[in-house]
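Participant: Here it is, the structure in full.
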Amino acid sequence: MSYRYLVNHYLEDAAARTPDKVAVVDQDRSMTYGDLDARANQVAHLLGDLGVARGDRVGIHLRKSMESVVGIYGALKAGACYVPLDPSAPDSRIGYIAGNCGIRHLITGTEKRRSWAAVKGEGAGELAHLVVLNAATTAGLPAVDGAELWAGDAVDARRVVSPGVSTVQQDLAYILYTSGSTGDPKGVMLSHLACRGFVDWAAEEYAVTADDVVSSHAPLHFDLSTFDLYAAARAGATLVLVPPKISVFPVEVASFIDRHRVTVWYSVPSILTMLVEHGELSVGSLPSIRVLLFAGEVFPTKYLSRLMKLMPGVVFANLYGPTETNVCTAYTVPEPPDEGDAPVSIGRGIANVECFVVDEELAEVERGAVGELLVRGPTVMRGYWGDRERTQARLIRDPRDAVFGDPVYRTGDLVEELTDGNYRFLGRRDNQIKSRGYRIELGDIESAVNAHPDVVECAVVAVPDEMISNRIHAFVAVKAPISEHEMTAFCAEIIPRYMIPESFAFSDTLPKTSTGKVDRQTLSRQAREAASSPI
């Protein structure tokens, strides 16, 4: 399929072809493509009535659910850019994001009422309206009851037709906020064109059809979710939302896949590692799956090998790419690797995306030399919302082209190009890590810890771990005693749970190098030794 307009046209095309096909399954509820499209149109008209215009940012503050899918498509159809907010994030982080990108309209539910004040509060945006999709109290804030969207019959027929807002592919489709090195999250701006560049390739590469059942495991503020939502709609497949509460129970994950006859699964490797270790699988388990995609972190080879042997005939593929590029490279694993092998390749650039490797002076290196991976093509972000300096540092002119200099993204990832043209990932240039599939700046965590009034200084280090990529440990110099429980609770008010260190080591001072800097190498060694010591 060639490019055709916008991301929301995936839904409109599917609704026109197969209006009675089940589009979304949310636990014991489901919705057809025709119904999903009609209700999304209602949301779009409602947003238009409230003054939402092309390019406005509309927040989505709901757990992943049928309602949130309707809200996303409704925002897109209104010509807006949607901003998915982590439903488990502290109110302070929600308020920062709302203020940073100027969210004036929030699609939400009553279960999130405690966070509404944060979105409107000091330092946040000038919130104009809440659109509450399941109604009830609105805490005194300006709100619109969206409950009639689910009422059924009493709907103006004109409002179930798309409002037809004039939007182009270069307009923003969504902004995803990721961890920032300064302590504040940064908003990655991605256009309809960027999203479609990845989704069209992926849907064709893995032959997603209307007969497929596609899992949706990633939260909506995580970029993996865009494949689930839009590749399924593009093909007219059924999207099955994986309840977050079952993710920590591998046996329940396996049961979920079997019960829903999932054919395409996409998640971070840590979930799959737990499935291998504790999912009670045997050879031939999960027979419905035909494609298994993983991304977000390195998949430990021994667990990948074991899973491939348990699921013969399944296509396994490693998808790589920071949020700023969507997926930019991919590698289909041809056979189970030996358990002692290095992690599998991240592959080569996907269709219509160019990747190349440069040295510290941004000169292209020869094949086999280690350097930083740069990415060029339509899937690359527009920039970071409201942060020109950071955008200019990471989104640069192509250093190989003195005439045109198309934008290229500096990933900060060190790679080497192998003899077969695929890339091997070697690590990060900076202080950024992956844990449980989330990209995390250690500086973001340090900012949170340092905010405690009794903290003098801190250093956060990561210890490699086969199950979740990295475990996070904090070393903290304090001027008064602090308990680990107190520090954990303090951090929970500032950063998401997945960023909170799993251990804190308190002392009067931190070790220093000869230049007076914190000796991070010593702290990293101490953390590794502590992690390897028997309990």
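Values quoted throughout were computed directly from the atomic coordinates according to the rules given, and no laboratory measurement underlies them. Just so it is clear, the structure is predicted and the values come from calculations on it, not from any experiment. When we count neighbours, we look across all protein chains shown, and the Cβ atoms used for this are built from the backbone with ideal geometry, even at glycine.
Participant: Please say if segment 428-535 is rounded, prolate or oblate, where rounded means a/c under 1.5 for a ≥ b ≥ c the square roots of the C-alpha gyration tensor eigenvalues, and otherwise the choice is prolate for a/b larger than b/c and oblate otherwise?
Facilitator: It comes out rounded by the Cα gyration axes.
Participant: Only helices at least 30 Å long along their own axis, judged from Cα atoms, and with Kyte-Doolittle mean hydropathy of -1.0 or greater: name those in the chain from DSSP H.
Facilitator: Both cut-offs are met by no helix.
Participant: Oh, and also: Determine the calculated [θ] at 222 nm for the chain from helices alone, applying -39500 (n - 2.57) to every DSSP H run no shorter than 4 residues and normalising by the residue count; nearest 500 deg cm²/dmol. Kindly include the intermediate steps, with their values, before the conclusion.
Facilitator: Values: 14 runs with 151 residues, N = 535.
That comes out to -8500 deg cm²/dmol.
Participant: Provide the per-residue ³J(HN,Hα) series for segment 418-424, in order, calculated from phi with Karplus coefficients 6.51, -1.76, 1.60 and θ = phi - 60°, each as a whole number of Hz, with x at glycine and proline positions.
Facilitator: Working through the residues one at a time gives 7, 5, 8, x, 7, 9, 10 Hz.
Participant: Take every Cα pair under 8 Å in the chain that's 6+ residues apart, average their separations, divide by the length, and report that relative contact order as a whole percent.
Facilitator: Numbers: 1163 pairs, mean separation 59.7, N = 535.
Here the relative contact order equals 11 percent.
Participant: How large is ³J(HN,Hα) for each residue in segment 239-248, as worked out from phi by the Karplus curve 6.51 cos²θ - 1.76 cosθ + 1.60 (θ = phi - 60°), to whole Hz, x for Gly and Pro?
Facilitator: For segment 239-248, the Karplus-derived couplings read 9, 10, 7, 7, x, x, 5, 8, 5, 8 Hz, x marking Gly and Pro.
Participant: Can you compute the charge dipole magnitude of the chain about its Cα centre, using +1 on each Lys and Arg Cβ and -1 on each Asp and Glu Cβ, nothing else charged? Give it in debye, rounded to the nearest 20.
Facilitator: 620
Participant: Then there's this: Quick one: work out the % antiparallel among DSSP beta bridges in the chain, nearest 5.
Facilitator: About 60 percent, rounded to the nearest 5.
Participant: Any idea which of SER162, SER469, THR178 is furthest toward the positive side of the dipole for the chain, if Lys and Arg beta-carbons carry +1 and Asp and Glu beta-carbons -1?
Facilitator: Comparing the listed Cα positions along the dipole, SER162 ranks first.
Participant: For GLY321, what residues show an amide H to amide H distance below 5 Å, using hydrogens built from the backbone and excluding near sequence neighbours?
Facilitator: When sequence neighbours closer than 5 places are left aside, the close amide H contacts are GLY296, CYS328.
Participant: A further question follows. For the chain, I need the span (max minus min coordinate) of the C-alpha atoms along each principal axis, in Å, sorted largest to smallest.
Facilitator: 73, 58, 54
Participant: Place +1 on the Cβ of every Lys and Arg and -1 on the Cβ of every Asp and Glu in the chain, take the dipole about the Cα centre, and give the residue among LEU362, TYR331, PRO244 whose Cα lies farthest towards its positive end.
Facilitator: Sorting the options by dipole projection puts first PRO244.
Participant: Using Cα-Cα distances under 8 Å and only pairs 6 or more residues apart, what relative contact order does segment 277-374 have, in percent?
Facilitator: Computed over segment 277-374, the figure is 22 percent.
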